[in-house]
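Participant: One structure coming up, written as structure tokens, with questions to follow.
Each value in this text was obtained by applying a stated rule to the coordinates, not by laboratory testing. These figures come from a predicted structure and were not determined experimentally. Positions of Cβ are generated from backbone atoms using ideal geometry, with glycine treated the same way; all protein chains shown enter the neighbour counts.
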Amino acid sequence: MKVLVANRGEIAVRAIRALKEMGLSSVAVYSQDDRDFPHVSLADEAWCIGPAGAKESYLNMERVLMAAKISGAQAIHPGYGFLAENDQFANACDNAGVTFIGPKGSVMRRLADKFETKKMVRRAGVPVIPGSQKPTPTVEIALSEARAIGFPVLLKANFGGGGRGIYLVPEESQLSRAFDTARAESRAAVGKEELYLEKFLDQARHVEVQAARDLQGNVHAFVERDCTIQRRNQKLLEESPSPFISSEVRPRLLEAAAQATTACGLTSLVTVEFLLLPDQKTFYFMEINKRIQVEHPVTEELLGIDLIQLQIALALDEPLPRITNDFDSRHSIEARINCEDAAQNFMPGEGLVTRFEVPGGPGVRVDTFLTPYVQIGTNYDSLLAKLIVSSPAGRQAGINRMKRALGELHIEGVPTTIPFHQKLMNDPIFAGGREWFTTRYLETWIPKQQFN
Amino acid sequence: MTLALDILEWAKDKPDLAEIHYENKANGAPIEITIKFDSSKPNVSINENRLAYIEAPAIGRLALDIAKTQPGQRLNAGELIGHIEGAAAPSRITSPLSGKVLRAVAAHGAPIGYGDPIILLEIKN
């Protein structure tokens with residue numbers, strides 16, 4: 001059985017490793033500027049599919065499928081990003097007789113409509129962020145809806161995504177202008193004017209639940225991940241369990257995630273995102289991600305499971321195995337090491353990696369594509385490596401282990417966010433794990449730090 | 001200049017050749033030429049770069065015009081010498097420059113990746 005990995009960087013390496021352990025043949029694809037990257041030589045065979053840049057290679061459905069055809073691959077693992085949540089691609093794989101390792105294209109397509117998604121989830125009894133139940137056509141309707149929801153509200157474009165098309169309206173007097181602006185910008189960006197309102201939960205933490213569902217409909221929700229450390233809506237660090245989810249609340253949260261997954265008709269591995277309020281027991285469904293995520297190793301290390309192998313097995317119609325959510329007092333943390341200069345407003349960098357040494361010892365894992373003398377450009381995302389630590393002795397031990405591991409991680413030749421993580425581990429509020437902070441914490445925290 | 005090309009001409013029907021080294025230190029005008037051959041991936045370097053590859057414009061299966069790509073055949077810049085089967089545009093394989101075919105390094109009907117070398121071409125002025 002041969003599987004093509006339609007991605008690059010660390011997730012391609014991750015998927016190829018899983019395939020090797022499962023005794024399956026791996027096929028890598030690469031753009032010309034990636035030709036000396038590790039995923040190319042790690043796979044059993046590799047095909048160059050286009051010139052530099054994602055558009056002509058990893059994002060090009062026709063070229064990826066041609067590589068599957070000439071290599072004889074029977075399945076494609078899309079990784080994350082690129083074509084991973086592209087329903088057209090999932091359908092094209094179907095038509096080509098190739099198994100897409102992810103949910104069905106038709107299901108993904110239906111879920112692109114956020115109202116549809118929220119309706120299905122709400123009907124299943126999962127709490128959803130208070131907001132419009134259908135597009136808000138006029139500013140008068142927006143006003144009455146906003147009054148019912150309660151200011152501050154968010155005005156959102158139905159077809160926006162990735163953090164775009166969102167406008168904060170703190171009070172009534174600003175609604176009319178925001179409405180006109182949002183409508184015009186939405187029309188300009190995607191040719192549609194559909195807007196809707198949502199309550200602005202500015203005191204919330206971001207908590208997500210990994211779920212798995214097989215083709216027979218059996219579903220399992222894993223222990224949650226807390227991803228509140230974000231900069232400009234990009235996660236920088238994730239941990240599991242969340243310090244703010246008690247063992248009383250956890251069953252409700254996990255059950256909600258399982259029900260949301262089932263209600264949406266999703267299979268394979270998905271992640272259900274929630275916002276958690278300061279009372280530490282009220283949570284609202286935010287959205288559902290239909291791909292494997294960057295931070296999946298946090299869950300793997302907490303529970304001792306292989307999510308990529310599970311994802312591949314489910315795609316091959318294997319039934320969901322029995323999985324335990326027991327973690328005793330284990331704790332797991334992942335630091336994303338990006339090619340960015342924390343001292344220069346996290347400006348992305350590039351260059352030749354001249355030194356690369358990984359930490360070791362118990363409970364330390366590094367997922368990366370890095371190797372000495374690999375060239376980092378700016379064509380792709382800036383993720384260099386993921387440093388994941390886990391400890392059986394609780395969160396503080398996990399933080400100590402992360403500090404220790406960061407000290408042993410050496411990457412030279414390019415800027416990295418290692419200094420950022422070192423500072424964060426020493427932050428009393430983060431390390432304390434008791435004081436509430438939100439996804440905007442770094443906004444005020446970062447300017448106070450001196451990164452060298 | 002013509003000496004290097006004469007050497008290549010001489011070498012082209014000797015596929016097992018790994019390296020040619022020519023030296024002539026006579027007449028106060030020493031000449032030294034080294035030519036290395038690699039059967040899997042020709043990597044030729046001479047002191048004047050008169051060689052170029054025609055490369056695959058897309059991934060797919062190679063469909064070569066056999067007659068046009070025999071060693072010794074002359075090609076014009078832009079001339080069509082084959083296409084990549086099944087690929088969306090660009091799928092046409094054209095010679096980037098005018099020149100003479102030295103050898104084919106990929107087989108008609110074989111799978112080929114983007115940018116893979118197909119024909120080794122000797123470029124004329």
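Participant: I need the calculated FRET efficiency for the pair A:PHE151 and B:ALA110, taking r as the beta carbon distance and R₀ as 60 Å, to the nearest 0.05.
Facilitator: Efficiency at R0 = 60 Å is approximately 0.35.
Participant: Now, a different point. At 7 Å along the Cα-to-beta-carbon direction for both A:ASN452 and A:ILE429, put a label point, then send me their distance in nm to one decimal.
Facilitator: Here the modelled spin labels are 2.5 nm apart.
Participant: Once label points are set 7 Å from the Cα along Cα→Cβ at both A:ASN95 and A:GLU172, what is their separation, rounded to one decimal in nm?
Facilitator: Each label point is offset 7 Å from its Cα along the Cβ direction, giving 5.3 nm.
Participant: Mind listing the long-range amide H neighbours of B:ARG103? Cut-off is under 5 Å, sequence gap 5 or more, other chains count too, H placed in the peptide plane at 1.01 Å from N.
Facilitator: B:LEU120
Participant: Okay, next question. PRE reach from A:ASP44 (point 7 Å along Cα→Cβ): which of region A:14-38 fall under 20 Å by backbone N?
Facilitator: Inside the label zone: A:14-30, A:38.
Participant: Just for the protein assembly as shown, what percent of DSSP beta bridges are antiparallel, to the closest 5?
Facilitator: Approximately 85 percent, going by the DSSP bridge assignments.
Participant: Once you place label points 7 Å from the Cα toward the Cβ at B:ALA11 and A:GLU412, how far apart are they in nm?
Facilitator: So the two model labels end up 4.1 nm from each other.
Participant: Continuing with this model, one more query. If I take every Cα pair under 8 Å that is 6 or more residues apart in region A:2-101, average their sequence separation and divide by the length, what percent do I get for the relative contact order? Please list the in-between numbers first.
Facilitator: Working: 184 pairs, mean separation 29.3, N = 100.
Over region A:2-101, the number comes to 29 percent.
Participant: Among A:LYS119, A:LYS134, A:LYS114, which comes first, second and so on when ranked by fewest other beta-carbon atoms within 10 Å?
Facilitator: Ranked by crowding around the Cβ, least crowded first: A:LYS134, A:LYS119, A:LYS114.
Participant: For peptide A:425-432, how many partner chain Cβ atoms fall within 10 Å of a residue's Cβ, on average?
Facilitator: Counting other chains' Cβ atoms within 10 Å and averaging over A:425-432 gives 0.
Participant: I've got another one for you. Using only DSSP helix segments of four residues or longer, with each worth -39500 (n - 2.57), what per-residue ellipticity at 222 nm results for the protein assembly as shown after dividing by its residue count and rounding to 500? Walk me through the numbers before you get to the answer.
Facilitator: Details: 16 runs with 155 residues, N = 577.
Mean residue ellipticity at 222 nm (helix-derived): -8000 deg cm²/dmol.
Participant: For region A:186-268, which trypsin sites (Lys or Arg not before Pro) are both in a DSSP coil and crowded by at most 11 other Cβ atoms within 10 Å?
Facilitator: Passing sites in region A:186-268 are A:ARG232.
Participant: Here's something else I'd like to know. Under 19 Å from a point 7 Å along the Cα-to-Cβ line of A:LYS192: which residues of region A:131-160 have their amide N that close?
Facilitator: Counting backbone N atoms under 19 Å from the label point, the list is A:131-139, A:142, A:155-160.
Participant: Averaged across the residues of B:109-121, what count of C-beta atoms belonging to other chains lies within 10 Å of each residue's C-beta?
Facilitator: Average per residue, whole number: 4.
Participant: Let me ask something else. Using unit Cβ charges (K, R positive; D, E negative) and no other charged atoms, how large, in debye to the nearest 20, is the dipole of region B:51-123 about its Cα centre? Working shown, then result.
Facilitator: Numbers: 6 positive and 6 negative charges, 28 e Å.
With only Lys, Arg, Asp and Glu charged at Cβ, the dipole is about 140 debye.
Participant: Compute the distance from the alpha-carbon center of region A:227-291 to that of region A:1-74, in whole Å.
Facilitator: For region A:227-291 versus region A:1-74, the Cα centre distance is 31 Å.
Participant: How much length is gained on full extension from A:TRP436 to A:LYS403, taking 0.36 nm per residue of separation minus their Cα-Cα distance?
Facilitator: Between A:TRP436 and A:LYS403, full extension yields 9.7 nm more.
Participant: Go ahead and run the numbers for FRET between B:LYS25 and B:ILE123, Cβ-Cβ distance against an R0 of 30 Å, rounding to 0.05.
Facilitator: 0.60
Participant: Further, regarding this structure: Within a 10 angstrom radius of each residue's Cβ in A:46-53, how many Cβ atoms of other chains show up on average? Whole number is fine.
Facilitator: Rounded to a whole number, the mean comes out at 4.
Participant: Same structure, new question: Would you work out the relative contact order for region B:51-123, in percent, from Cα pairs under 8 angstrom that are 6 or more residues apart?
Facilitator: 45 percent
Participant: Between A:LYS55 and A:SER106, how high is the FRET efficiency from 1/(1 + (r/R0)^6) when r is the Cβ-Cβ distance and R₀ = 25 Å? Nearest 0.05.
Facilitator: 0.45
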